[in-house]
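The structure appears right after this line, and notes come after that.
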Amino acid sequence: MVDDYFNLCTRVLNKLTPRFMANTETLNGILNLVVKSLIVPDKEVHESVNKFVQEFLSTQNPIEIDLINSIFGRTLFATMIDSIVFNLPAYFIPDTVTSLWKFKINHPERFTEYLQFTTNILNSSIELKGYAVKEDDLKTFYERINSAMNPKAMASELRYIQRLVS
C-alpha cells in the first residue's frame, strides 16, 4: 500500500511537477512520510520511496532546492544513512545509494555538509549503543563517502560501516 502511494506520487511529480510542488501542505505531508518510510523493512516500500526521492532530487525546482536547504534536507540525508547503518539489511543499500548519489550530483555543497552532520550523529549513536567502532573508522567513512567517484564506491563504504555495527 505504501509502495503504491509513492509510485503514484512519483508519477504525479513527473507529469505535473509545478502543480505538485506548489501544493506545500500536501508536499510537506508526503515528505514527512518519506522520512518515516525510509526505515520500513520492506523491499517494495524502500524501492518506491527511494524512486520518489531520486525524482524529487532531480526536479531542480526552486521549492525542492529550498526544501533540501532546510532542516528537511538534512533530516532526509541523515535518515537515509542511519536506516542503512542500524535498521535495514544490506540488500537495501543499492536503492539508498542511488538516492545519495542523486543528492551528491544535484546538491554537492549540501551533500558534504549533511554528511558531516550525519557522521557526527552516527558517532553519538555508536557510542550510546556501545558498538566497537573507532572514531578513525567514522572519519574514513566520511572521507570515502564524500570523495566517492561512483555509486559502487559509496555502496562499498555503507556495507563496511554496516558490518562494523552488526
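Values quoted throughout were computed directly from the atomic coordinates according to the rules given, and no laboratory measurement underlies them. No experiment lies behind these values; they were computed from the predicted model shown. Here the Cβ positions follow ideal geometry from the backbone for every residue, glycine too, while neighbour counts run over all protein chains shown.
Compared with the dominant principal axis of the Cα atoms in the chain, helix 43-58 is inclined by about 70°.
Placing dummy labels 7 Å off each Cα toward the beta-carbon, the span from A22 to M1 is 3.2 nm. Give the Debye-formula value of log10 I(q)/I(0) at each listed q (0.11, 0.17, 0.20 Å⁻¹), with one equal scatterer per alpha carbon of the chain, two decimals each. Taken in order of the listed q values, log10 I(q)/I(0) reads -0.42, -1.00, -1.35.
Which of F117, G29, N106 sits closest to the plus end of the dipole of the stretch 1-141, meaning its Cα is farthest towards the positive end, when Lys and Arg get +1 and Asp and Glu get -1 on the C-beta? Positive-most Cα among the choices belongs to N106.
Arrange Y5, Y91, Y142 by Cβ neighbour counts within 10 Å, fewest through most, would you?
Numbers: Y5 16, Y91 9, Y142 20.
Taking fewest neighbouring Cβ atoms as first place, the list is Y91, Y5, Y142.
Charges were assigned to the Cβ only: +1 to each Lys and Arg, -1 to each Asp and Glu. The resulting dipole of the stretch 66-149 about its Cα centre is roughly 120 debye. Estimated from helical segments only, the mean residue ellipticity of the chain at 222 nm is -25500 deg cm²/dmol, where each DSSP H run of four or more residues counts as -39500 (n - 2.57). Computed over the stretch 108-166, the alpha-carbon pair-distance distribution with 5 angstrom bins reads 4, 19, 30, 27, 14, 5, 1, each value a whole percent.
Nearest 0.05, what FRET efficiency do V165 and R144 give at R0 = 22 Å with Cβ-Cβ as r? Intermediate values should be presented prior to the final figure.
Working: r = 16 Å, r/R0 = 0.74.
My answer for the efficiency is 0.85.
About its Cα centre, the chain has a charge dipole of approximately 220 debye under the convention of +1 per Lys or Arg Cβ and -1 per Asp or Glu Cβ, with nothing else charged. Label reach from N32 (point 7 Å along Cα→C-beta): in the stretch 53-74, amide nitrogens under 18 Å belong to 67-68, 70-74.
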